[in-house]
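What follows is a set of notes on a single structure, which appears directly below.
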Amino acid sequence: MEPLVVVDHVNKHFGQLHVLKDVTTTVGRGEVVVVIGPSGSGKSTLCRAINRLETIDDGVISIDGTQLPDEGAALAKLRADVGMVFQSFNLFAHKTVLENVTLGQIKVRGRSKAEAEKRAMELLDRVGVGDQASKMPSQLSGGQQQRVAIARALAMDPKVMLLDEPTSALDPEMITEVLDVMVQLAKDGMTMVVVTHEMGFARKAADRVVFMAEGQIVEESTPEEFFTAPKSDRARDFLSKILTH
Ligand SMILES: Nc1ncnc2c1ncn2[C@@H]1O[C@H](COP(=O)(O)OP(=O)(O)OP(=O)(O)O)[C@@H](O)[C@H]1O
Ligand SMILES: [Mg+2]
């Protein structure tokens, strides 16, 4: 498997708190990795470090063979290769849905407005919200907004998509519509790192589950192995808690 995201002996502190402890893992091109673990275990920090929204203390993170630069144009370029979707949609509130999906393409990818709009409409149709293009984000349901956020990230033609609890802020009836889009994306061969407790998604789409606890990767296995026969006590304990909900 060709490595696309390499995380090599990464450490990160917030003050005295050691939040990433010698984290090492590789995501192959086309691979779908689900990151799971208790609150505060460092899942979001790991995602943010991969996108360089957080600095790291030591270790190396590289995307497609290029080490994450510290700043400047090189960083902006590399960041554009990493699509990020957050729990809280983060759409530009004062721009239409269409503008949300065209802005980055024009500013960062240097596309013409016409070109960007064509691509945006393709993607909005693909995630099932093409008919919402002229609306403002606040006029959309949470599920629709999150699908726009996914389209916006895809519009940059990222090499990898990071999704940090993309369905956690959604009402139950909207979770499925977002998960369906994610499953399709996975089937289309997108490289994905997804922080989620949605085991249906993990079973359907993940190649690998990474279980984190207290800043460490405790276990990495197939979804089947992880959910039926977790190796560590910590994973067993965690699963027993989420399964009883
Ligand atoms: N900006 C920050 N400053 C200080 N501490 C932080 C900061 N961001 C996160 N932390 C701490 O780092 C640890 C890891 O946080 P992180 O958000 O990565 O966990 P998580 O696994 O994503 O948790 P959750 O499931 O609740 O989203 C936590 O103890 C958190 O309180
Ligand atoms: Mg988090």
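Between Ala114, Val82, Leu103, the Cα set farthest toward the positive side of the dipole of segment 1-123 (charges on each charged residue's Cβ, about the Cα centre) is that of Ala114.
Rounded to the nearest percent, how much of the accessible area of the chain (1.4 Å probe, protein heavy atoms only) is carbon and sulfur? The nonpolar share, carbon plus sulfur, comes to 50 percent.
What's the magnitude of the charge dipole for segment 110-195 around its Cα centre, counting Lys and Arg as +1 and Asp and Glu as -1 at the beta-carbon? Answer in Debye, nearest 20. Don't skip to the end; give the middle numbers.
Numbers: 10 positive and 13 negative charges, 82 e Å.
I would put it at about 400 debye.
Is there a pair in Lys204/Lys241; Lys118/Lys159; Lys107/Lys135; Lys43/Lys113; Lys43/Lys77 whose C-alpha atoms are over 31 Å apart, and which pairs would that be? Checking Cα-Cα distances, Lys43/Lys113 exceed 31 Å. From the Cα gyration tensor of the chain, with a ≥ b ≥ c the square roots of its eigenvalues, which class applies: rounded if a/c is under 1.5, or else prolate if a/b is larger than b/c, or else oblate? Oblate, because a/c is 1.5 or more while a/b does not exceed b/c.
Classify segment 115-245 as rounded, prolate or oblate from the Cα gyration tensor: take a ≥ b ≥ c as the square roots of its eigenvalues, call it rounded if a/c is under 1.5, otherwise prolate when a/b beats b/c and oblate if not. Don't skip to the end; give the middle numbers.
Numbers: a/c = 2.71, a/b = 1.95, b/c = 1.39.
Prolate.
Put a plus charge on the Cβ of each Lys and Arg, a minus charge on the Cβ of each Asp and Glu, and nothing anywhere else: the dipole of segment 181-245 about its Cα centre is then about 160 debye. Simple point charges give the picture: +1 on the Cβ of Lys and Arg, -1 on the Cβ of Asp and Glu, and for the chain a dipole about the Cα centre of about 580 debye.
The values are calculated or read from the model by the stated rules, or taken from the named source; none is laboratory data. Every value quoted in this text rests on a predicted model; they were computed, and no experiment measured them. With ideal geometry, Cβ positions are generated from the backbone for all residues, glycine too; neighbour counts draw on all protein chains shown. Just so you know, the surface numbers come from the protein's heavy atoms only, side chains and all, with ligands and any DNA or RNA stripped out. Shrake-Rupley method; radii C 1.70, N 1.55, O 1.52, S 1.80 Å.
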